[in-house]
Each structure stands twice: as structure tokens, then as C-alpha cells.
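Okay, structure first, notes after.
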Amino acid sequence: MKVKAAFSLLAISGRATSLSTVPPTQIANTTVIPNAYIIEFQPDFHPSLHPLQRFAQTPIGIKAGYQIRHEYNSSDLFLGVSVSFETNVDLDSVRKANGVKNAWHVALVPRPQPYFRNGSPKVQSASGSGNTTLPNLRGVSGVNQPLVSTNVQKLHDQGIRGKGVQIAIIDSGVDYRHPALGGGFGPGHKIALGWDFVGDNYTGFNTPMPDPDPLATCASGGHGTHTAGILAMEDPDNEGFGLVGAAPDATIAAYRVFGCDVGDATNDILIGAMLRAAQDGADVISMSIGIIGDIWEAINPFDAVVTQLAQKGVATVAAVGNFGPAIYTASIPGISQDGLSVGSMENEVYPTHYTAYDEKQRSLDYISVLPYPAKGQQDIFLLGTGLGIPINDTVASGCYQPAWDAAANASVDWNTTLLLVSYTNNCGNSWFSAQDLGASTIMAYLTSEDQLIVLDEPGTTPEILWLTYNSSKAIVQNIKDLSPNETYSLKFDGSTAAQSQQLIADPQGRFMDSFTSLGPTIELTLHPKVASPGGTILSTWPLDAGAYAVISGTSMATPLAAASYALLKSQFPHLTVAQLFDRLKTTASPLPEYNSTIPFTSTIRQGAGLLDVYAAVKADSTITPSEFSLRDSANPPPQNITIKNDSDLPNHYIISHDPAALLRAHENYLAGEPNFDSNSAYTPHSVPASAQFSTTKLTLQPGESATISVRITPQPDNYPYSTPVYSGFVKIASASYVYSIPYMGLPYSRDAVGPIAQNVTTTIPYATPQVLSIPGNQQSVFAAQATTPNIDTYYWKANASESIVPFLRIDVLLPSKHILYELVPANTSFIPTIYGFDPSVKIDYQDTHQPILPGFLGVPTYGTIRDLNLTNNASPSTGFFYMFDSPTLSNNGVAYNITSGDYRPLARALKWNGNETNPDDYESYLGPVIRANIPADVFPSR
């Protein structure tokens, strides 16, 4: 889809670069560039002017002292600028300026990292060696298992491979020299076009150095090469593994937004890349990028761009993030309302495995990206040898230090010896001491059948060869059977793959990966939308860093989903972005819950389920809508479903309901429940909702449509502060296909609950809200003590260990757009929602010389402890612990010490759907008297 647009990237001047010396500001989980904003203009604001000229006409642009970072000059998509001010300018002032439609912080976008990256990649050459010769490693059919799992392979078998569709990939650049990626760049090549927005040395803070070539040969830039391979790779004959991407005939446009150095990007550069991709004719944009901080839909800077792109026929497919398994961790840009967020399912097989043989010609299968290159015999040294004790899994695990000491004292030639270690759940892969020994290669054996093997990136030292579970049992037994002083060795042949046709099953295959971020958004919109294979994925890697890698992440799931969209688009070019997304979602296959009797995992883990692209292309019906976000209600209203028969024959439909797991955001906030699992961040519950349909059977003639209704009713829940999210699927079965609609919701109204938690059972040994006392040199709430009711005395000393200071625990567990913590006069007349003391108890208050300030909404105050809102806090608080290690407050950004006297803590949190200017729309907690003894010579006031 070609969109008429113009985008210009203005190099930041030297003067503006000096702004990078200003420390970044942490806002919730987002790091923002101080005084830097993305600004979208009102379309009727000086419409004849370019964005730079428009900004100059705004009240903030008339003032001197700013540098333009980027200009967005697309009348169809986004008109605006990003700008850095040289003086303090707050976001509210920018948003309220005449001519400004909206504005957002310029924020750092973290460099995408594969999940479980256990070591640092070895960068061999920043410029590349130019070597494009690959070994021939064909021999296992499982290398393309993700195509089989999603039924992409069935479309390939029919010649549907993405021809005529353009996919844009926004990532860390691509090593297009790789033969599987076409070996070149430009028209006629697989990577046909693109742009480098940043250059090799970009870190997120320094000046980007754009150029027309998106080549990235460095290992630290391998992420983009891996995702590009999943999209469209195709190993040449007799080279590589025989890998095929999901849309190998599509045109690929690569846009580089990360440098080679360890560093990040900024969201204003990403927006520029999205606009450039549309300008260059993209049909779909693949973004394996996730920012967890902005989980409110209301402050998502990508949302307007994604919506405009979708309206112009350009789809955005983005990773939901690797921040699981906690609720509310779905990331931007994935949560944009018109985008497709993607979660990760574990691959069904280990794609690469090889065989070694011992002296008795017994075979052992090991898992590694490439075969172990050493030829001939390699001795095996079992960690724990030399201790004179029986070696069990614990001794060989790496967490038993005497085993390392014995290995250091042993006479071993590590050039011809592999270090054999155990992989235990309680120890993990703590084998870094192997480098001190001089061991370059570790062979790890599994200790249980359900352990997941996670490979390091190529170049990681020491290299790890993972034995399969069956081979792990075999090698342990083989070594036990050795006679005294007998050695054990293995023979490898590094010149051949030595792979077998047998597939090695991944024990967690076809289940959702634990690292996948969970939705929903704070506003309770369902995310992720779909699932795709992303765990243990083999794909291309920069040539100088190994050429291939097996890594995991929603980053790997996203390009396969984007390619699936491209395959569908190639067959239905007339459908809109929303219609194609609907088709992908309703034909997806719901996935089961791992190791559970609950039939399906929650929809906030998997969305509609695993993509089935063949079903999406061949579907005989159109089902709308494709999801139900039921929000917060004990009795959600009925939902309508429209079914259209697209086949040439009458179609019979059976409508039914499949409940899925219920999840809680906070397992440790269950009011009155003493038996909760405090150690689990993810616990599925079987609390199914019910469904009543207007009809459960339907017959439609060719081309005919009908609308039915369904009422989903959740079970009542007694633990609102745990944020219980129920979920399930409406299933619609035709004669040939099964369709499903995922749903989720809260079983109560947020308006009626909270947001300040009270009367809950938690792992912390003190109730919330409460004021505790703690020694000044301690930091943990576990060191705090309960206080005297109604009033207690606190002492600040020059020596912190002699201080006894207040420790506030006030948990705001339900989302609030404005949370304010203050100290107010002890004799305040304010009437709170929640008392932290007995208001009938009379107290002789001690005066304080601290000036009283007007305060928020007419409540007199001494100053602010913390003030959180949508412009400075992007996520709801799950617990507020504040230790007064110094008696400091602030007012309008100015910090100062308070004087001795009596105070009370006051917390106010805006209720859901509340009006920020209405005092009655806040829930409040007023605490007991804090009697402060503050030496003025140690903590001088103003």
C-alpha cells in the first residue's frame, strides 16, 4: 500500500546534543528525555505551513530555546514535530498550547533483547568479514516447525508465499549479506529497500547518523537479522539448514532504529520509521519492540499513528513484550487499539540437534545451534570429580563451590576436554566459573523431563552443548558404570551435521511461553490479540557472529504473525486491516493451560490463540466481532455476534462456550483468604463464567448473514484487590471450520471498589494502609514495627542507625489516574474515606513551625510526599512503601526539610471514572499522628 507522505529526519545539532548530558528521568518503568516532547498539531492550525513553521506559531514555539529533533510531515498520517527545550517545560503546558492536538514525552525505547540471554555475544567484527559461505546442515525436518504449527506450510505447498505484499521491519538493522536473506540490498533483492535512521554508534542519547543503508553486521545488532529471517529467509540449495521464512516471496523493507553499541532508541525515531515505511509502500509493519511503561491507552504515543496507518491500509503488528507473567505488562506499541499485539508460544520441537558417540559407539543427542566443531575424541570431566565423594546432581550443578575447587586442582587439558555439569532447577546455569578453569565448552545434562533448554546466542563463552533428557540419563548411567580410574570420552565430527530425522520434542511445546507479557491494558482491553511461535526459534544471524541463532521472545513471534498477515493480504487484497485482523483472530486455535486440568489458558496470555493461517485463508465464514473486552461489571451486557456464510453451500453452525483460566494480578492480596500461594506470580484458577445464547444452532444459505447474542456472566468474586480477570471463548463451528471469539473482563465494577486496598491478606506482615516505625539505617518493610495506635513519636538523628522514622505502607491496587501522598496538619478537619486512627481519641497536639500551604482541592498541607498522575506515572501502583529516612517534602518541585511537631499522612487516589477536580471522587486515607523530633542543626528547614 503506497501512502502519500513526507518525512524528514533532522539531525540534532551540537547544541541540542548537549541536552543528552541531562540525566534521564525515570517515570514508572519508562525513561524519558528531560524536556523533550512529541507534538501532534491540530489539522486546522496554520494548514498551509510545514510542521516546523507550525510549531514556530504555537505559544511554546514562539519562545526561544528549543531544538527540533524530528519533523513529521504527513498530512494523511501524522503532522507534528519532536522537540527538545533548553529550559524546563512540563507536558501539561505543551498539551494545552494553542494548535497542539496532543503531546507525549520523548522516551527511551529499550533495545529488544531475546528472553533468557545467558551470556554476552562475542562481537567478531563491526564491519564484517564478507564471508558468505555457509555449512550444509540439512537433515532435520523440524527446522521449519513454526510453519507447520501455524499451517503456513500448507499455504506454501499451494504456492502462497507472500508475493506482491511489502513487509516493513523496524528493528536493529539486517545483515542482508546472508545468503538466506538474498545476499544484497536494493531493487531485485529480497531486502529491497529501507533506511538506517541511527548508525552503528547510536545509543539513544547521542546524535543519530542516518544513511540509506540498513546493514548491521554486528552481533549486538543481530536481533533484526533474526526477525528478518523469520519473515522471509530461504536457505540456498546445499547451504544452511533448509530454512524458509513465513513469507519468502514478499518484498522486505528494513528500517534500522538501534545502533551496534549497547544502547536504546527513542520513540520519536520509531514513529519516524513507521511513517517512512508507509511512505515507501508497506502493507504491514513488523515491530519486535516493546515498551512496558506506557500501559495506559490514554498515554500511548503510537496510538494515533497506528490508527491512521490502519485507515490507510497499513497494518501494525507488534510484540506484546517479554515482561510476563504479571498482568498489565502488555507493552506499546502493541496495545495501540488498531494494531495486532502478539504473544509467544513455545516451539513444538528443538530445531537443531546433533549426535556424538562414546567409545562403545553409544549415541548421545545434544542440542546446539551448530554442531560441535572439534574433530576426534573429547574427554569428559564431570564437575565434582576429585572430591572423593559420590557425584550427584547437586554436586555437579555448579552451585557447590568445592566441586569448582577440585576441578581447579585437577590436571586437565581443557583443549580436548568438555566440562560436564548438571542443570538443576534450584541452581540453574551458574557455570561462569568454567571460564576461570579455562574450559571453553560445557556439556549440560538435564535432571528432569520438563526442563526447557534455552540456548545462548552464538559467540557466548563458554559454549554450552545441551544433552536431551534421554541422553542426559544415559550419560549419567554410563559414567556410573565406569570402573575406577576409567575415563569417558565422546567423538564428534565437526564437518557434518550428523543429525537424525527424529524430532526432539520441546517439553513446553505448544504452550504459551512464561515470558509473554499479559494484558489487559489498564482500560481493560484484551491483549495480546494472538499467539505465534516465539520460543526456541532458529533463524538467521549476522554472518560474522555465527550466521544462525536459536533465541526466544515475543520478538520472534511477531514477524511470523506479520508474515501471516502478508500471506492473508496476498489472497484478500480488498479487505481492510481490521477485516484481515478479524479473520486471523477468529480462525486462531485456543491453547491449553500448561500442566493444569484447566482446559484453556487465559485469553490475556494468548488472545485468540495460535495463528492458523491456512484456516484464515480458506475460511468459509466471516465472524464479527473478533473479541469481547467486557470491561468491569458483575453483569456485562449481552454481546452481538454476526455470522456470514461465505461458502457456496448452506452452512450449519453450532455455537458453544469454552471457559478459560481466571488470573489475578495480585495473588497476595486476597481479603480474608489465609491459604493463598504467595510464591507464584502466575496461578491459573478454574472459576469459569457462564454463557447464555439466543440460539445455539443456526443454518445460513450462501451469502446470508445472521446476528445472535450471548450474555457472559462471571462468577462473583470476593477479592477485588487481587484484580481477578476471567476469560474464555465463544466457539462457532461450521461444517468445515471452527471459529472462536476470545473474551475477558473483571467480575465487579471498579467504580464501587477502591482504589486504596484495605483489609487484605498479604505476604508482608503488616496491614495496609498503615504507618510503621523503622530504624533509619534499614530499608525493608520486614524491619519495620507496628506503632502505638493513634500517635507515635519518631526521631531523626545525624547517625541513621540511631533514628526511628516513619514507614508508610499505602497500597493503591486498582488503577488510579491521580495519586497524591502528603503530610497535613495533625488537627486537620479533613474527613477521609479510611481512618488510620480512632477519631474519637483526643490528642494534645504539638505545634510545628512549618508553614501551611493551600494544598490540593482546598486541603491545607505542609507539602507533598509523592504526586503521581498520567503525565509522570505510567503504571498503577501495586504497593506504596515510603520510608522517611530524611524529613523532606516538596512543593512545586522544590524540596525542603520540615521542622519538629505533629503531622498526619494523607493519601488520596482518584476513583475509576472519577473527575480529578471533584474532591468526592477521591478515596482517601488519613493516618495517625506522626510526632516528629527533628534536630534543626542536622536537618535545617527552608
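Since every read-out is calculated from the coordinates, none of them should be taken as a lab result. Since the model is a prediction, treat every value here as computed from it, not as a measurement. FYI the Cβ positions are ideal-geometry reconstructions off the backbone, even for glycines, and counts take in every protein chain you see.
Given points 7 Å out from each Cα along the Cα-Cβ axis, report the D847 to E802 separation in nanometres with one decimal.
So the label points at D847 and E802 sit 2.8 nm apart.
Please list, in chain and number order, the residues 5+ apart from V349 or on another chain whose amide H is under 5 Å from its amide H, with Hs placed from the backbone.
Residues meeting the amide H criterion: D506.
How far, in nm, would the chain grow between Q579 and N759 when pulled straight, counting 0.36 nm per residue and subtracting the alpha carbon separation? Before the final figure, lay out the partial values.
Values: separation 180, 0.36 × 180 = 64.80 nm, distance 4.66 nm.
Taking 0.36 nm per residue and subtracting the Cα distance, the gain is 60.1 nm.
Quick check: from the Cα gyration tensor, does the stretch 757-804 come out rounded (a/c under 1.5), prolate or oblate? Please report the intermediate quantities before stating the final value.
On the way: a/c = 3.65, a/b = 1.72, b/c = 2.13.
Since a/c reaches 1.5 but b/c is at least a/b, the shape of the stretch 757-804 is classed as oblate.
Is the C-alpha gyration tensor of the stretch 620-749 telling us rounded, prolate or oblate? Criteria: a/c under 1.5 is rounded; beyond that, a/b larger than b/c is prolate, otherwise oblate.
Numbers: a/c = 3.54, a/b = 2.64, b/c = 1.34.
Taking the square roots of the gyration eigenvalues as a ≥ b ≥ c, the stretch 620-749 is prolate.
May I ask you to derive the relative contact order of the chain, considering only C-alpha pairs under 8 Å and at least 6 residues apart, and to give it as an integer percent? Walk me through the numbers before you get to the answer.
Numbers: 2539 pairs, mean separation 100.2, N = 942.
Computed over the chain, the figure is 11 percent.
Roughly what angle does helix 267-279 make with the longest principal axis of the chain, taking Cα atoms, 0 to 90 degrees, to the nearest 10?
Long axis of 267-279 versus the principal axis of the chain: about 50 degrees.
Rounded to whole Hz and in sequence order, give me ³J(HN,Hα) for the stretch 133-142 from the Karplus expression 6.51 cos²θ - 1.76 cosθ + 1.60, θ = phi - 60°, writing x for Gly and Pro.
Once rounded to whole Hz, the list reads 7, 10, x, 8, 10, 6, x, 10, 6, x.
Pop the C-beta distance of T394 and L482 into the FRET formula with R0 = 30 Å and round what comes out to the nearest 0.05.
Computed FRET efficiency for T394 and L482 comes out at 0.90.
Return the distance in nm (one decimal) between the two label points of a simple spin-label model at T713 and T133, each offset 7 Å from Cα along Cα→Cβ.
7.3 nm
Using amide H atoms built in the peptide plane, which far-off residues or other-chain residues are under 5 Å from A634 H to H?
Hits under the 5 Å cutoff: Y748, S749.
Around D365, with a cut-off of 15 angstrom between Cβ atoms, what is the net charge of the other residues, counting Lys and Arg +1 and Asp and Glu -1? Don't skip to the answer; put the middle values down first.
Values: positive: R362, K473, K491; negative: D358, E449, D493, D506.
Once positives and negatives cancel, what remains is -1.
Work from the charge dipole of the chain (Cβ charges, +1 for Lys and Arg, -1 for Asp and Glu, about the Cα centre) and give the residue of S890, Y37, F807 farthest towards its positive end.
About the Cα centre, the residue reaching furthest to the positive side is Y37.
Quick one: what are the phi-derived ³J(HN,Hα) couplings along the stretch 784-801, Karplus 6.51/-1.76/1.60 with θ = phi - 60°, whole Hz, x for glycine and proline?
Once θ is set to phi - 60°, the couplings for the stretch 784-801 become 7, 10, 5, 9, 5, x, 6, 7, 8, 9, 10, 10, 9, 10, 4, 8, 4, 5 Hz.
Anything over 23 Å Cα to Cα? Flag those among K585/K817; K529/K569; K96/K817; K797/K842, in the order listed. Walk me through the intermediate numbers first.
Values: K585/K817 32 Å; K529/K569 18 Å; K96/K817 18 Å; K797/K842 29 Å.
Violating the 23 Å limit, Cα to Cα: K585/K817; K797/K842.
Please state, to two decimals, what the Cα-based radius of gyration of the chain comes to when divided by 2.2 N^0.38 Å (N = residues). Spell out each step's value before the answer.
Values: Rg = 30.0 Å, N = 942, 2.2 N^0.38 = 29.7 Å.
Normalised Rg, Cα atoms only: 1.01.
On C-alpha positions alone, give me the angle between the axis of helix 222-232 and the longest principal axis of the chain, in degrees, nearest 10.
60 degrees
Please list 3J(HN,Hα) in residue order for the stretch 604-616, calculated via the Karplus relation 6.51 cos²θ - 1.76 cosθ + 1.60 where θ = phi - 60°; whole Hz, with x for glycine and proline.
Per residue, the Karplus-derived 3J(HN,Hα) values read 7, 9, 10, x, 6, x, 6, 4, 10, 6, 4, 4, 5 Hz.
Cβ neighbours within 10 Å, averaged per peptide: list 647-660, 766-779 in order, most packed at the top.
Working: 647-660: 16.9, 766-779: 18.7.
Packing order, densest peptide first, comes out as 766-779, 647-660.
Name the residues of the stretch 731-768 whose amide N is less than 16 Å from a point 7 angstrom out from the Cα of T696 along the C-beta direction?
Flagged as within label range: 731-734.
When the Cα centres of the stretch 293-323 and the stretch 705-765 are compared, how far apart do they sit, in Å?
The stretch 293-323 and the stretch 705-765 have Cα centres separated by 24 Å.
About its Cα centre, how strong a charge dipole does the stretch 620-749 have in debye, to the nearest 20, once Lys and Arg get +1 and Asp and Glu get -1 at the Cβ? Before the final figure, lay out each step's value.
Working: 6 positive and 11 negative charges, 47 e Å.
Dipole about the Cα centre, nearest 20: 220 debye.
Calculate, for D920 and S749, the FRET efficiency according to 1/(1 + (r/R0)^6) with r their C-beta to C-beta distance and R0 25 Å; round to the nearest 0.05. Display every interim value, and only then the final one.
On the way: r = 17 Å, r/R0 = 0.69.
With a Förster radius of 25 Å, E is 0.90.
When the distances between all Cα atoms of the stretch 354-502 are binned every 10 Å from zero, what whole-number percent does each bin get?
Spelled out per bin, shortest first, that is 11, 45, 38, 6, 0.
Just grab the label-to-label distance for S363 and I654, each label 7 Å out from Cα along the Cβ direction, in nm (one decimal).
So the label points at S363 and I654 sit 4.3 nm apart.
Between rounded, prolate and oblate, where does the stretch 519-667 land on the alpha carbon gyration tensor, with a ≥ b ≥ c its root eigenvalues, rounded for a/c under 1.5, else prolate if a/b exceeds b/c?
On the way: a/c = 2.03, a/b = 1.20, b/c = 1.69.
Oblate, because a/c is 1.5 or more while a/b does not exceed b/c.
Using amide H atoms built in the peptide plane, which far-off residues or other-chain residues are under 5 Å from Y176 H to H?
A216
Can you give me the Kirkwood hydrodynamic radius for the stretch 799-913, using every pair of distinct Cα atoms, in Å to one decimal? Let's see the in-between values first.
Details: mean 1/r = 0.0647 Å⁻¹.
Mean inverse Cα-Cα distance, inverted, gives 15.4 Å.
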